[in-house]
Amino acid sequence: MTPLLHPRHALITGAGSGIGAAVALALAQQGCRLTLAGRSHDKLQQQAERLRAEVPDLAVTLAPMDVADPHAVQAAVQQAHARFGPVNILVNNAGQAQSQPFLRTDAALWQHMLDVNLSGTFHVTQAVLPGMLEAASASGGSIPGRIVNIASTAGLMGYAYVSAYVAAKHGVVGLTRALALELARKNITVNAVCPGYTETEIVQEAVRNIVAKTGQSPDQARQTLAARNPQQRLVQPAEVAQSVLWLCAPGSDAINGQSIAIDGGEQAG
């Protein structure tokens, strides 16, 4: 049986680990040709090797880039286009989180959070979109475009001590909604997936910060983060990846401009 997404071209930022790696695997298993984007060529290469072990006939290329650098983004997207044609599926996953009380959040930290989490999403989307529009139009509807922005529950609510990150992720949700309306009649959907605390490097860094500032053990710090989830656990990257896959799969055409929380019910409280 032909995989659901064969032979679409998917570009995933932050693909070297965590949610990005899980998304890459889910899309590879459904027949996508992959462009793995991220800052570290070595991490991307290791991830490509892991994916090939899981999906032996996988077509994959690497696109090292810093999403905060628009020139690097344009060059990387052009390289991906030359290899596999226009991007049909874009997953904007690259992101960072740094914590500081608001009065100790300096302009450099504030700008860095905006550059990576919000402007990075803007730069990559703007580089990919012309080719995606052309492909979605030329296919006569058979190969729609899909943009999925990995935001956060921090794009839906406030969290103390990460004001810059929260502001950036709220911006991602706003961009998602605006672009979804702009592209609604052009065979492209734009949605956001908003995970709660997820088993990723960002959470590992949060655990280290809690340990350093409170004296808690790493296990206690993890429990502190998991306690926000009504299921009392951390979200797993594969769970986020399954939501991304659903938004990209056939039958999801009417899902547009949504911000879907993957948080065990945190937003329901």
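A few points about this structure:
- Surface share of carbon and sulfur [accessible, 1.4 angstrom probe, percent] for the chain: 54 percent
- Among Phe102, Phe84, Phe122, the largest mean-square fluctuation in a Gaussian network model of the chain, built with springs joining Cα atoms closer than 10 Å, belongs to Phe102.
- Backbone geometry of segment 150-155 corresponds, through the Karplus equation with coefficients 6.51, -1.76 and 1.60 at θ = phi - 60°, to 3J(HN,Hα) couplings of 7, 8, 4, 4, 5, x Hz, x marking Gly and Pro.
- In the chain, helices alone account for a calculated mean residue ellipticity at 222 nm of -14500 deg cm²/dmol, with every DSSP H run of four or more residues adding -39,500 (n - 2.57).
- In order along segment 55-69, the phi-based Karplus estimate (6.51 cos²θ - 1.76 cosθ + 1.60, θ = phi - 60°) of 3J(HN,Hα) comes to 10, x, 9, 5, 9, 9, 9, 10, 9, x, 6, 9, 5, 7, 9 Hz; Gly and Pro are listed as x.
- Helices meeting the span-like rule in the chain (full DSSP H runs, Cα extent of at least 24 Å along the helix axis, mean Kyte-Doolittle score of 0.0 or higher): 120-138, 163-183.
- Förster-model FRET efficiency, 35 Å R0, His112 and Thr2, C-beta, rounded to 0.05: 0.20
- Top of Leu118, Leu11, Leu103 by mean-square fluctuation, Gaussian network on the chain, Cα under 10 Å: Leu103
- Among [x] 56, 39, 36; [y] 87, 53, 29; [z] 62, 38, 35, the entry derived from the coordinates for Cα extents along the principal axes in Å: [x]
- Sum of side-chain charges, Tyr159 neighbourhood, beta-carbon under 14 Å (Lys, Arg +1; Asp, Glu -1): 0
- Qualifying aspartates and glutamates (Cα of each under 14 Å from Cα of Lys213; at least 8 residues distant if same chain): Glu205
- Taking amide H as placed 1.01 Å from N in the peptide plane, Thr61 has its amide H under 5 Å from the amide H of Leu34, Thr35, Leu36, each at least 5 places away in sequence or on another chain.
- In sequence order, segment 87-97 has phi-based couplings of 6, 9, 10, 10, 10, 7, 10, 4, x, 9, 10 Hz under the Karplus curve 6.51 cos²θ - 1.76 cosθ + 1.60, θ = phi - 60°, and Gly or Pro positions carry x.
- 15 Å beta-carbon shell around Leu4, net charge (K/R +1, D/E -1): +2
- Whole-number percent relative contact order across the chain, with pairs defined as alpha carbons under 8 Å at least 6 apart: 18 percent
The values are calculated or read from the model by the stated rules, or taken from the named source; none is laboratory data. Source: prediction; values computed, not measured. As a convention, Cβ positions derive from the backbone with ideal geometry for all residues, glycine included, and neighbour counts pool all protein chains shown. Only protein heavy atoms, including side chains, enter the accessible area calculation; ligands, DNA and RNA are left aside. Shrake-Rupley method; radii C 1.70, N 1.55, O 1.52, S 1.80 Å.
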